[in-house]
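These notes concern the structure reproduced below.
We did not get these values from a lab; they are worked out from the coordinates using the rules stated. Since this is a predicted model, take the numbers as computed values, not measurements. Positions of Cβ are generated from backbone atoms using ideal geometry, with glycine treated the same way; all protein chains shown enter the neighbour counts.
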Amino acid sequence: MQKLKDVMSRDVQVISPDETIKEAAQQMRKGNFGMMPVEENDRMIGAISDRDIAIRAVADGKDPSTRVRDVMSEGIVWAYEDDSVDDAAKLMGENQIRRLPIVNTDKRLVGIVALGDFAVESADIEAAGEALSEISKPS
């Protein structure tokens, strides 16, 4: 059974809730990713995605200097690095998320996994397909 530590990306960028959404968008563009965990006082307090910026900021006419904390998704779903790819795919499907922060046993952020990582890295593509099916359902 494949574990998340085998498929996750260890290059995780985090952002402070006090940074601006412009800075968040620039970091996402530079790193070519669509979500960043939001970290304050050395713990994850939420996440900001390109979709959060588009829907909660741009669509509402908010200024690029708007703080990350004003548009981020609060509460964050995460998994342990020793969890299975199957369990993570189910978790992502249940929560309709495409990217999942990964923590170690000390609950320190050590990586991130995207739904596409399962399809590319995992021999078990079925789990990724089921997760995508759940994620794609209207909420």
Margin query: For the range 25-70, take N as its residue count and report Rg(C-alpha) divided by 2.2 N^0.38 Å.
Written below: 1.15
Notebook entry, point to check: Quick one: Karplus J couplings for the range 27-37, per residue in order, coefficients 6.51, -1.76, 1.60, θ = phi - 60°, nearest Hz, x for Gly and Pro?
Noted result: 5, 5, 5, 4, x, 6, 9, x, 8, 9, x
Checklist line | Table column - 3J(HN,Hα) (Hz), the range 45-62, Karplus curve with 6.51, -1.76, 1.60, x for Gly and Pro | finding: 10, x, 8, 10, 10, 4, 5, 4, 5, 5, 7, 8, 10, 4, 5, 9, x, 6
Check: When the dipole is taken about the Cα centre of the range 16-97, and only Lys, Arg (+1) and Asp, Glu (-1) are charged at their Cβ, what size is it in debye, to the nearest 20?
Finding: 500 debye
Note to self: Can you return the lysines within cross-link range of K90? Criterion is Cα-Cα under 19 Å, with same-chain partners fewer than 8 residues away left out.
What the structure shows: K3, K5, K137
Note to self: I'd like the distance between the alpha-carbon centres of the range 60-111 and the range 20-52, rounded to an integer number of Å.
What the structure shows: 11 Å
